[in-house]
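Right, one structure below, let's go through it.
All of the numbers you see were taken from the coordinates with simple rules; none came from a lab. Only a predicted model underlies this, so the values are computations on that prediction, with no experimental measurement involved. Methodologically, a virtual Cβ is constructed for each residue, glycine included, from the backbone with ideal geometry; neighbour enumeration extends over all protein chains shown.
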Amino acid sequence: MTEVRQGLFKLPGVVLKRRISPEGDVSLYLFLKEAGPVYVQAPGASRGRVRFGGAIEPLVWAAFNLYRGERTFYLKSADIKEDFWGLRGKTAAINRLLDWDGLLCRHLVPGLQCDEVLTLFYRSGLLLKEGVHPLVVEWRFLWKWLNEWGVAPSLDICGGCGSRLTSARLGTSGLHCPSCARSGGQHLSEEMLEQLRESVSLPARKVVERFHSEYFASAAAWREADERIRQYFSFL
Ligand SMILES: [Zn+2]
């Protein structure tokens, strides 16, 4: 992003947050390719003087035409690419997206490029749209994000002794084999462990086949795994 000092440029990305002032000025927190998260101003956007249609709604993906001034980014126009409108009536799916949006706002560093996580966020939305079970997409998104940052727990190797895992316990310090696991953590059967691995290692189109919304085996186990992987973010 250092190459763009001032002037006009166009970048794809997503609206993470929107704030409207009493005067009708809109402030957006966009997550952009190459630029990472940036604050962008759209003066008067909510007064109807400048119209961006649905492009300034949270979770909308667009190609954003921006002007970079000395200190501030301004939105000039935006071409919507994907608004995930079809998900807005599906509570379980839309709540996942809103939740990840919140995590991204909390953990990304403004101005720091993070294209891998941006792509992962987009593709995770597509998986929800294609009907993959939200609990599975949640695990996939959170684990792969942690993995991009080099802090995901290994799903193959015991965090204690380094032996290959068959069954395991998932705790806040990783997955442990039965001999290393002390009390606590979530017991993962061989089958559940294999499904957790598949959800992150299969390519997206295979994930759609494997974990479509009709798939609901051990939803409680997925829910617990999601809650536990989420705890890793409190250490970031
Ligand atoms: Zn071990």
What FRET efficiency, computed as 1/(1 + (r/R0)^6) with R0 = 41 Å and r the Cβ-Cβ distance, is obtained for Tyr39 and Glu194, rounded to the nearest 0.05? 0.45
For 134-140, 150-156, ranked highest to lowest by mean beta-carbon neighbours within 10 Å, the order is 134-140, 150-156
Relative contact order of the stretch 7-82, pairs being alpha-carbon contacts under 8 Å that are 6 or more residues apart, as %: 33 percent
Please report how many Lys pairs in the chain have alpha carbons closer than 27 angstrom, counting only residues at least 8 apart along the chain or sitting on separate chains. 25
Rounded to the nearest 10 degrees, the helix 190-201 long axis (Cα) sits at an angle to the longest Cα principal axis of the chain of 30 degrees
Cut-off 16 Å, label point 7 angstrom out along Cα-to-Cβ of Arg123: give me the residues of the stretch 184-204 whose amide nitrogen falls inside. 197-204
For the stretch 36-42, in residue order, the Karplus 3J(HN,Hα) values (coefficients 6.51, -1.76, 1.60; θ = phi - 60°; whole Hz; Gly and Pro = x) are x, x, 9, 7, 10, 9, 9
For Gly171, which sequence-distant residues (separation of 5 or more, or a different chain) have an amide H within less than 5 Å of its own amide H, given hydrogens modelled in the peptide plane? His176, Gln186
How tilted is helix 115-129 with respect to the longest principal axis of the chain? Cα atoms for both, answer in degrees (0 to 90, nearest 10). 80 degrees
Show me, for the stretch 210-221, the HN-Hα J-couplings you get by feeding each phi into the Karplus relation (A = 6.51, B = -1.76, C = 1.60, θ = phi - 60°), rounded to Hz, glycine and proline as x. 6, 10, 5, 4, 6, 6, 9, 4, 6, 4, 5, 5
From the helices alone, meaning DSSP H stretches of at least four residues, give me the mean residue ellipticity at 222 nm for the chain, per-run term -39500 (n - 2.57), in deg cm²/dmol to the nearest 500. -10500 deg cm²/dmol
Model label zone, Glu227; criterion: amide N under 16 Å from point 7 Å along Cα-to-beta-carbon; scope the stretch 165-199: 170-172, 184-188
Relative contact order of the chain (C-alpha contacts under 8 Å, at least 6 apart) in percent is 15 percent
By how many nm would the segment from Gln186 to Leu8 grow when fully extended, if each residue of separation counts as 0.36 nm and the alpha-carbon distance is taken off? 59.0 nm
Which ³J(HN,Hα) values in Hz, rounded to whole numbers, follow from the phi angles of the stretch 155-165 under the Karplus curve 6.51 cos²θ - 1.76 cosθ + 1.60, where θ = phi - 60° and Gly and Pro get x? 9, 10, 10, 4, x, x, 10, x, 6, 5, 8
Using a simple spin-label model with points 7 Å from Cα along the Cα→Cβ vector, what separation in nm is obtained for Ser234 and Ser27? 2.9 nm
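If each residue of separation counts as 0.36 nm, what is the full-extension length gain between Ser77 and Ile20 once their alpha-carbon separation is subtracted? Walk me through the intermediate numbers first.
Values: separation 57, 0.36 × 57 = 20.52 nm, distance 1.73 nm.
Taking Ser77 through Ile20 to full extension adds about 18.8 nm, to one decimal.
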